[in-house]
Each structure stands twice: as structure tokens, then as C-alpha cells.
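I have placed the structure first, in the form of C-alpha cells, so that the comments after it can refer back to it.
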Amino acid sequence: MRRPAAAALIVAGALALTGCGGSDGGPAELSVGSAYMPQPVSDMAAGFLTITNEGDSADRLTSVSSDVAGQVTVHETVDGAMREVESLDIPAHGSLVLESGGNHLMFEQLKRKPKQGQKVSVELRFAESDPLTVEIPVKPATYTPKTGH
Ligand SMILES: [Cu+2]
């Protein structure tokens, strides 16, 4: 009767490894990188970043807000046309990429125009994980996305 006990110990050890971080069990582990905002040339601005998920469960980016904009929406680009989406998937052990010509954040009703060299504070909210606040650096306007909105 000792073998089952030994097997249980091994399973418990594996769980302890994957559960590192000591959180309350939130299985998605999100981090943000490669963030930037092209200096806006109108009363709208775009934002790009990559959300990496090192956890065992998928999550979704569900909403975004920023103190510089009255509204921030999430857009995807399909066949060259942008459209607003309710959420974007962040796969387990994968990443969600927001990049020029693809998925992006749209800052509308700008309260001030961010300038190159400044940073814009953005809060990202998710279906499962706790919100993340990111300081997005403002880059030259040459990153301006295609027209269309
Ligand atoms: Cu857009």
C-alpha cells in the first residue's frame, strides 16, 4: 500500500511547481511588453503592445481605459479593415500581439495630445486576471496607423 502514497506525493510536487507565485490560483499569468503609442496627429491615438501569458489557462482582454482618453476601444484588422471587438483571446502559453496593421488599441476623445517622449498610463482589464496598469511610451508620429477612423 505504499506505492499509491508515493504517487500522490509526486503529483502534489508537480502542482506546487506549476502553482508558483502563490496567487489565489489564477491560472493565467500575464505580462505586457513592446508597448508604444505613435504620437497622435488627430484627436485619436493608437496603441500597440504584446500581452504574454505564461500560465496554463487562456484569458481574454476585455476592456481598456486611460486617463488621457474619454474612451479606449479594442480593434482588430480583417482584410485591411478595422473593426471594434468585444474582446481578444490570450492563449495559454502564448501571446496576444497588438501591432501596426493588426490588432490595436484606439484612444478616442483625447483629453490631451500625448507628445513623443511622454508616457501614457493605460489600464488593461481581463476576463479572468486582475487588471494590469501599463505606462506606454509615446513614439514618433511616423508610426501612424492606416486611415479608416
Ligand atoms: Cu482602429
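The values are calculated or read from the model by the stated rules, or taken from the named source; none is laboratory data. Here the structure is a predicted model, which means the values were calculated and not measured. Every residue, glycine among them, receives a Cβ derived from its backbone with ideal geometry; neighbour counts consider all protein chains shown. Just so you know, the surface numbers come from the protein's heavy atoms only, side chains and all, with ligands and any DNA or RNA stripped out. Shrake-Rupley method; radii C 1.70, N 1.55, O 1.52, S 1.80 Å.
Taking segment 98-127, which residues are under 26 Å from ALA28 (Cα atoms) and modelled with pLDDT under 95?
GLU99, SER100, GLY102
For segment 91-132, which positions are away from the ligand (no atom under 16 Å from the Cβ), open to solvent by less than 40 Å² (accessible area, probe 1.4 Å) and over 19 Å from VAL32 (Cα atoms)?
PRO114
Which of the residues spanning segment 68-85 are open to solvent by 80 Å² or more (accessible area, probe 1.4 Å) and touching a Ser or Thr at 6+ places or on another chain (Cβ under 7 Å)?
Of everything in segment 68-85, just one residue is open to solvent by 80 Å² or more (accessible area, probe 1.4 Å) and touching a Ser or Thr at 6+ places or on another chain (Cβ under 7 Å), namely GLU84.
Give the number of residues within segment 70-109 that are without any contact (Cβ under 8 Å) to a residue 60 or more places away in the chain and more than 15 Å from the chain's Cα centre (by Cα).
Total meeting the criteria: 8.
Being aliphatic (A, V, I, L, M) and either buried (at least 20 other Cβ atoms within 10 Å of the Cβ) or within 16 Å of the ligand (Cβ to nearest atom) (or both): is that true of LEU88 here?
Judged against the criteria, LEU88 is a match.
Check whether at least one residue in segment 73-81 is within 16 Å of the ligand (Cβ to nearest atom), at pLDDT 95 or above and over 14 Å from PHE126 (Cα atoms), and report yes or no.
yes
Only one of these conditions is not met by ALA141: (1) free of Cβ contacts under 8 Å to residues at least 40 places away in the same chain; (2) away from the ligand (no atom under 14 Å from the Cβ). Which number is it?
With respect to (1) free of Cβ contacts under 8 Å to residues at least 40 places away in the same chain; (2) away from the ligand (no atom under 14 Å from the Cβ), ALA141 is out only on (1).
Given the conditions (1) over 15 Å from GLN109 (Cα atoms); (2) open to solvent by less than 50 Å² (accessible area, probe 1.4 Å), and given that SER31 satisfies all but one, which numbered condition is not satisfied?
Of everything listed in (1) over 15 Å from GLN109 (Cα atoms); (2) open to solvent by less than 50 Å² (accessible area, probe 1.4 Å), SER31 misses just condition (2).
If you take the residues in segment 25-49 that are more than 10 Å from the chain's Cα centre (by Cα), within 14 Å of PRO114 (Cβ to Cβ) and among the aliphatic types (A, V, I, L, M), which one is modelled with the lowest pLDDT?
Filtering first and then ranking leaves VAL41.
Going through THR52, THR62 one at a time, which residue ends up being in contact with a Phe, Trp or Tyr (Cβ under 7 Å, 6 or more places away or on another chain), open to solvent by 10 Å² or more (accessible area, probe 1.4 Å) and either at pLDDT 95 or above or part of a strand (DSSP E or B) (or both)?
THR62
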